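Report on the structure given below.
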Amino acid sequence: MIQAFLSSSCCDCYTVAEYEMLDSTNTKARQLAENGAAEGTVIVAHQQEQGRGRFGRSFFSPSSTGLYMSVVLRPRIAAEHALYITTAAAVAVAEAAENLTGEPTSIKWVNDVYCRGKKVCGILTEGRMDGDTLQYAVLGIGVNLAPPSEGFPDDLSDKAGALLQTVSAETRDRLAADILERFWRYYTALEKKTFLEKYRSRSLLDGKTVHLLTADGTPTQTVQVLGVDDEFSLIVKGEDGNIRHLSSGEVSIRL
C-alpha cells in the first residue's frame, strides 16, 4: 500500500484509494472532487481502459507495468497559475525517477518526463473554474515502470520507454510515495516556484528546432526553442526572427 511508504510528516496529506482497473483515474478523481472530496485524495489504478493525455490523446495504460494515479487538489491560486501544478509535478516525477534509477531525466515542455531518450511519464492537470480561481484541480500522473509483456503499440514503440525492465508492487508503491512527497513540498509553496530552476535544468527542448502543432497534430511552423520563462511559457524564435512566449494551451510540440 502506498500509504505505508509515506513519511510521518506527509502521511496525513493524502488519502489513497487503489483499484485494479478504472476507465481513467482522472475521471474518477473528478467525480469525487465534484462531490466534495478532500484535497489530497489519491486514486490509483493498476490498469486504465481510457487513460487520457493532453489535447484528448489517449495514454497507453496496460496492466501492472505502470503507475497511474490522480490527486484531488484545491489550490488557493489564480487560474493563470494553474500551470505551476503540472510543472511542479513534472519536477517531482523527474526527481523520483532519478532516485529510483540513478539515471538523469529530462522534461519535454510542458508535461512529459523522459529517460534514456524516451518518454516515461505523462501528466494531465484538469480542473473547474470558480470565477477567476480554481474550485479544484485534478493532477493525473502516468509512469511507465516496465515495458509491457507484448511490447508498446507500433505508434509508440519509437517514443515510449520505461524506467525499469521489471517491476514489483513494492517498487511501484515506493515510487508513488516518493512522487507524492516531493510534489507536496512544491505544492504547499506553489507560488514561490521553488522548482523553477529544477524544471529549467531538465528542459529537453532548449536549443532545439521543433514543429508547432495544432490540436489534431498538423504542423503550423518551425521554431527554435530558447528556453522557459518565469511563468513556464516556452520561449521560441521563429524563422522570421520574432521571439514569442507560448502558453501550454496554445500548441503541442514535435521534435
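The values are calculated or read from the model by the stated rules, or taken from the named source; none is laboratory data. For clarity, every value in this text was computed on a predicted model and none was experimentally measured. Note that we place each Cβ from the backbone using ideal geometry, even for glycine, and neighbour counts take in every protein chain shown.
Does Val228 qualify as being among the aliphatic types (A, V, I, L, M) and farther than 27 Å from Leu67 by Cβ? When the stated conditions are applied, Val228 does not pass them.
One line per residue, one yes/no per condition, for (1) in contact with a strand residue (DSSP E or B) (Cβ under 6 Å, 6 or more places away or on another chain); (2) at positive phi; (3) at pLDDT 95 or above:
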position: Ser8; (1), (2), (3): no, no, no
position: Leu22; (1), (2), (3): yes, no, no
position: Thr25; (1), (2), (3): yes, no, no
position: Ile43; (1), (2), (3): yes, no, yes
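Take Asp130 and decide whether it is crowded, with 17+ Cβ neighbours inside 10 Å and of a type in the set (Asp, Glu). Against the criterion (crowded, with 17+ Cβ neighbours inside 10 Å and of a type in the set (Asp, Glu)), Asp130 does not qualify.
For segment 1-30, the set of residues classified as in a helix (DSSP H, G or I) and within 20 Å of the chain's Cα centre (by Cα) consists of Ile2, Cys13, Thr25, Asn26, Thr27, Lys28, Ala29, Arg30, listed by residue number.
Results for (1) in a loop (DSSP other than H, G, I, E, B); (2) in contact with a strand residue (DSSP E or B) (Cβ under 6 Å, 6 or more places away or on another chain), shown as yes or no for each residue.
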{"site": "Leu163", "(1), (2)": "yes, yes"}
{"site": "Arg172", "(1), (2)": "no, yes"}
{"site": "Asp178", "(1), (2)": "no, no"}
{"site": "Trp184", "(1), (2)": "no, no"}
{"site": "Gly207", "(1), (2)": "yes, no"}
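The conditions of being modelled with pLDDT of 90 or more, more than 23 Å from Ala89 (Cα to Cα) and under 21 Å from the mean Cα position of the chain (by Cα) are not met by Val223.
Being touching a Gly at 6+ places or on another chain (Cβ under 7 Å) and under 20 Å from Val113 (Cα atoms) holds for only one residue in Ile253, Ile235, and it is Ile235. Take the conditions more than 19 Å from Val42 (Cα to Cα) and of a type outside the set (D, E, K, R) and apply them to Thr125. Does it pass? Taking the combined requirement at face value, the residue does not satisfy it.
Residues that are surrounded by fewer than 20 Cβ atoms within 10 Å (Cβ to Cβ) and either in contact with a helix residue (DSSP H, G or I) (Cβ under 6 Å, 6 or more places away or on another chain) or within 19 Å of Glu191 (Cα to Cα) (or both) were ranked within segment 53-81; the one that is modelled with the highest pLDDT is Arg74. Selection of segment 93-111 for residues being over 19 Å from Glu231 (Cβ atoms) and either crowded, with 21+ Cβ neighbours inside 10 Å or out of contact with any Cys (no Cβ under 7 Å at 6 or more places or on another chain) (or both) yields Val93, Ala94, Glu95, Ala96, Ala97, Glu98, Asn99, Leu100, Gly102, Pro104, Thr105, Ser106.
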